[in-house]
1. If we keep just the residues of the range 15-59 that are of a type in the set (Phe, Trp, Tyr) and within 24 Å of Cys82 (Cβ to Cβ), which is surrounded by the fewest Cβ atoms within 10 Å (Cβ to Cβ)?
2. Show me the helices (runs of 4 or more DSSP H) found entirely inside the range 159-216 where at least 2 residues are more than 16 Å from the chain's Cα centre (by Cα), at pLDDT below 90 and over 19 Å from Thr143 (Cα atoms).
3. With the structure loaded, tell me whether Val101 is under 30 Å from Ser171 (Cβ atoms), hydrophobic (A, V, I, L, M, F, W, C), part of a loop (DSSP other than H, G, I, E, B) and touching a residue at least 40 places away in the same chain (Cβ under 8 Å) or whether it fails that test.
4. Which is over 19 Å from Arg187 (Cβ atoms), of a type in the set (Gly, Ala, Ser) and modelled with pLDDT of 90 or more, of Gly66, Gly97, Gly27, Gly62?
5. Any residue in the range 11-20 that is part of a loop (DSSP other than H, G, I, E, B), touching a helix residue (DSSP H, G or I) at 6+ places or on another chain (Cβ under 9 Å) and touching a residue at least 24 places away in the same chain (Cβ under 8 Å)?
6. If you check Leu67 against the conditions, is it in a helix (DSSP H, G or I), out of contact with any helix residue (DSSP H, G or I) (no Cβ under 6 Å at 6 or more places or on another chain), surrounded by fewer than 22 Cβ atoms within 10 Å (Cβ to Cβ) and of a type in the set (A, V, I, L, M)?
7. Taking the range 30-59 as the search range and keeping residues that are assigned to a helix (DSSP H, G or I), among the charged types (D, E, K, R) and farther than 17 Å from Val150 by Cα, which one is modelled with the lowest pLDDT?
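The values are calculated or read from the model by the stated rules, or taken from the named source; none is laboratory data. In this text, all values refer to a predicted model and were calculated from it rather than measured experimentally. Cβ atoms come from the backbone with ideal geometry, glycine included; neighbour counts cover every protein chain shown.
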Amino acid sequence: MSISQLQGGYKLNLKIFEMLVIAYLLGSIPSGVWIGKLFYGKDIRQYGSGNMGTTNTFRVLGKKAGLIVLLLDMLKGTLAACQPYLFHVSINVLIIGCAAVLGHVFPLFAHFKGGKAVATSAGILLAYNPGFFLVAWAIFLITLYLSSMVSIASMVGMTLITILSLFFHDSILTTIALVLTIFVFYRHKGNLKRIREGNENLVPFGLYYWHHHPKK
């Protein structure tokens, strides 16, 4: 192998490392915490479920703040995963995007205690395949409407996306989707316990909610 080839390989590896670091730092931005403190004077980790993610932001700060945090958390994943396109580096965007998920779950800027990474994972999928992202979003919304539980919608959505990825014949997509699904289930272990006990938090709409809270 020539010196120029070694130098080229070194530069490529360095660029990939830089992208992974940037992706992790993007993922580490605690959107919910910063929005809550800056505009509402609240640390959402002290309220509700104690989670810094989108769902708890909706619950503690309301729809407007929740929507902003949802978009920001998705944007973290999308921007992180788009780096190979921006820097013209030949590496699967999903691999770089995973560093953003790691950052969201173990954020440098929030004492390494983060969220469940569902929105950030969706943002990565948007960068990888916008059409597949729309399918994933549709699955999530339908499941949310049926169950009235964000936790179930998240876990069912990730599971079905993993199954559907098999039809793309993309081993990297399937592998990463499977790993993220297992991780999402692990992060929702508390929710699974509450679901079994029948006291999981419900969103104020959907078939399950209306069944248990009939309109008078």
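1. Phe17
2. 171-187
3. Working: under 30 Å from Ser171 (Cβ atoms): yes; hydrophobic (A, V, I, L, M, F, W, C): yes; part of a loop (DSSP other than H, G, I, E, B): no; touching a residue at least 40 places away in the same chain (Cβ under 8 Å): yes.
The answer is no for Val101.
4. Result of the check over Gly66, Gly97, Gly27, Gly62: Gly62.
5. no
6. Values: in a helix (DSSP H, G or I): yes; out of contact with any helix residue (DSSP H, G or I) (no Cβ under 6 Å at 6 or more places or on another chain): yes; surrounded by fewer than 22 Cβ atoms within 10 Å (Cβ to Cβ): yes; of a type in the set (A, V, I, L, M): yes.
So Leu67 passes the test.
7. Restricting to residues being assigned to a helix (DSSP H, G or I), among the charged types (D, E, K, R) and farther than 17 Å from Val150 by Cα, the top hit is Arg45.
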